[in-house]
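We did not get these values from a lab; they are worked out from the coordinates using the rules stated. Since the model is a prediction, treat every value here as computed from it, not as a measurement. Please note: Cβ atoms are built from the backbone with ideal geometry, for glycine as well, and neighbour counts cover all protein chains shown.
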Amino acid sequence: MINALGLLEVYGFIAGVEAMDAMLKSANVRLLSHSVTPSALVTIVVEGDLAACRAALDAGSAAAERIGGRVICRKDLGRPEKDTERMVLSFCGGTQADVAAVKKAVESVVEEKAEVKTIQEVTKPKERVEEDLVTQIVTFLRKKASKGANMTDVIKYIGLDREVVKDALHKGVTQKLLRKNSNRYYIIEDKL
């Protein structure tokens with residue numbers, strides 16, 4: 001359900017753009033719709049709380065008149081009746097269900113922010129990540145690089161930062177799962 005609507009109709013496209021800009025900047029409202037007729041009438045529909053809609057209408061009217069436009073009509077509707085809301089939303093290309101879906105999505109985002117865990121809770125311990133990388137490197141060397149691979153080949157396969165791969169390769173060497181000869185890494189077969 002929409003809390004309040006603000007409707008403003010002005011004469012002149014530029015006056016309409018100026019009014020819309022002033023409305024959205026002056027108050028906590030959301031643009032629901034705008035339309036431009038061939039006779040240069042611009043209709044702007046905003047949604048928010050009643051005080052915000054009134055403030056937006058005041059700002060939009062003043063901005064349009066300041067540049068020489070003419071305000072044809074303005075109206076704020078507090079808690080519009082469901083049929084009125086449906087009619088306005090049909091002009092906006094939406095339905096009441098669309099507004100409800102948007103409000104529900106906003107509420108779920110707020111709830112998710114309250115449930116966000118710390119980085120330490122979400123990420124794996126560093127040792128576990130390095131073990132997973134060493135395992136991936138060994139698998140890569142066993143399947144695709146039987147003649148060994150240099151660090152660049154491993155980086156391309158793993159798709160991670162050079163320093164992370166370098167640490168994992170070093171750990172594989174210290175665990176005696178890998179051996180390094182010049183700039184190439186090989187599997188130590190008897191350990192596997």
Residues 83, 153 in order from fewest to most other beta-carbon atoms within 10 Å are 83, 153
On the formula 1/(1 + (r/R0)^6), with r taken between the Cβ atoms of residue 3 and residue 35 and R0 of 22 Å, the FRET efficiency rounded to 0.05 is 0.50
Residue 87 and residue 183 label points (each 7 Å along its Cα→Cβ direction) are spaced in nm at 7.6 nm
Most packed first (mean Cβ within 10 Å per residue), the peptides 68-77, 25-34 order as 25-34, 68-77
